[in-house]
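These notes concern the structure reproduced below.
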Amino acid sequence: MTAQNSATPARSIAVEVPVRVPADSTRAGSTQAGSVPSGATRAGSAQPRNGTLLAALGIVAFSLTFPATVWGLDGFGPWTLVSVRSVLAATVAGGALLALRVRVPARRHWAALAVVGIGTVLGFPMLTTLALETSTTSHAAVVVGLLPLTTAVISAVRTGNRPSRAFWAAALVGAAVVIGFTVQQSGGAVSTSDLYLFAALLVCAAGYTEGGRLAREMPGWQVIGWALIMCLPVAVPVAAVALVAEPLQWTVHGVAGLVWVAVGSQFLGLVVWYRGMAEIGVSRASQLQLAQPLLTLVWSVLLLGEVLPVAAPVAAVGVLVCIAVTQRVRS
């Protein structure tokens, strides 16, 4: 995922809170605990629920990304798929920004937007697409299951937030479950595709952290929208070269996969995801992603016909327990 919001009128202004205040206790237009008027308490209590719902919708969208990428590779080369999806998503986002006459973000936000673009628009899609050329969707899904812990660590370093010990314990157990599942499925070997996936974790976690921070000062759809626009000088020439250099087949699966990763994963999913992170905090929202590999496993069976690993139910129980704990403890 400024003093003046460049999007729509009549919105409250979000203020970055001091380190002492928990990340999920403050959002746009709110004040610190103890100074909130009594009439605002009830409305404020619904905010964590709304944020969790929005973040969960983002996870559902992201869980379809790997199956859709495999479909996209049915008709397009990896560089074509990633660059064209970025151009298409930027076109949708740019149209929305123009229609609503959104002003260019303040210059102090450009560096953070660049991190969002490099991490979530270019880096993660490219690295995971390269990995999926040789890896199964189910294997890639469980490796990327480490993203919540990676995001929580980078967020703590970047923002200065210090989640509780119970939070870290649950996050580490969840990561251990994912790692154990991955090692069991891969036979203990680390392949080139795994290296691509581990690199994807780092760049995506950085993009999520910066996007979550920016979503407190501007709407989430503007965060990803401007990040997509900033990536156009790279995406357009790469797309032009890739369309000529790589094989191209206009298959139904290929087009459907391209459309989903461009509009569903690259834009709409990130819109609700960044908004959710802004409301409940980056660390807590990131733990919802522990459910993402499980959802992707289901889609891989339903959409791709892959065989569901025997260890999946065991991993599912462990992961869901960790999600419940991280959502209840103070982060």
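The values are calculated or read from the model by the stated rules, or taken from the named source; none is laboratory data. Since the structure is predicted, the reported quantities are computational estimates derived from the model, not experimental observations. FYI the Cβ positions are ideal-geometry reconstructions off the backbone, even for glycines, and counts take in every protein chain you see. Note: accessible area is taken over every heavy atom of the protein model, side chains too, but ligands, DNA and RNA are not part of it. Shrake-Rupley method; radii C 1.70, N 1.55, O 1.52, S 1.80 Å.
Quick notes on this structure:
- Filtered residue count, region 271-315, keeping only those that are of a type in the set (D, E, K, R) and over 18 Å from the mean Cα position of the chain (by Cα): 1
- Condition check for V255: outside any loop (DSSP other than H, G, I, E, B) and not acidic (D, E): yes
- Answer residue from region 204-234, given it is touching a Leu at 6+ places or on another chain (Cβ under 7 Å) and β-branched (V, I, T) and is surrounded by the fewest Cβ atoms within 10 Å (Cβ to Cβ) among those: V234
- Selected residue (only one of G123, G58, G119, G72 is surrounded by 21 or more Cβ atoms within 10 Å (Cβ to Cβ) and either within 19 Å of A240 (Cα to Cα) or among the charged types (D, E, K, R) (or both)): G72
- Looking across region 75-91, the residues that are open to solvent by 20 Å² or more (accessible area, probe 1.4 Å) and within 29 Å of G145 (Cα to Cα) come down to W79, V84, V87, L88.
- Applying the criterion of being in contact with a helix residue (DSSP H, G or I) (Cβ under 7 Å, 6 or more places away or on another chain) and surrounded by fewer than 17 Cβ atoms within 10 Å (Cβ to Cβ) to the residues of region 304-314, the residue that is farthest from V261 (Cα to Cα) is A311.
- Some residue of region 149-158 being open to solvent by 10 Å² or more (accessible area, probe 1.4 Å) and under 14 Å from V261 (Cα atoms): no
- V282 meets the conditions (1) out of contact with any Lys or Arg (no Cβ under 8 Å at 6 or more places or on another chain); (2) farther than 13 Å from V60 by Cα; (3) of a type in the set (V, I, T) in every case but one. The failed one is (1).
- Enumeration of residues in region 126-147 that are open to solvent by less than 10 Å² (accessible area, probe 1.4 Å) and either of a type outside the set (A, V, I, L, M, F, W, C) or modelled with pLDDT of 95 or more (or both): T128, T129, T137, G145
- The residues of region 239-276 that are over 30 Å from T52 (Cα atoms) and open to solvent by 50 Å² or more (accessible area, probe 1.4 Å), listed by number, are A240, V241, L243, V244, A245, P247, L248, Q249, W250, V252, H253, V255.
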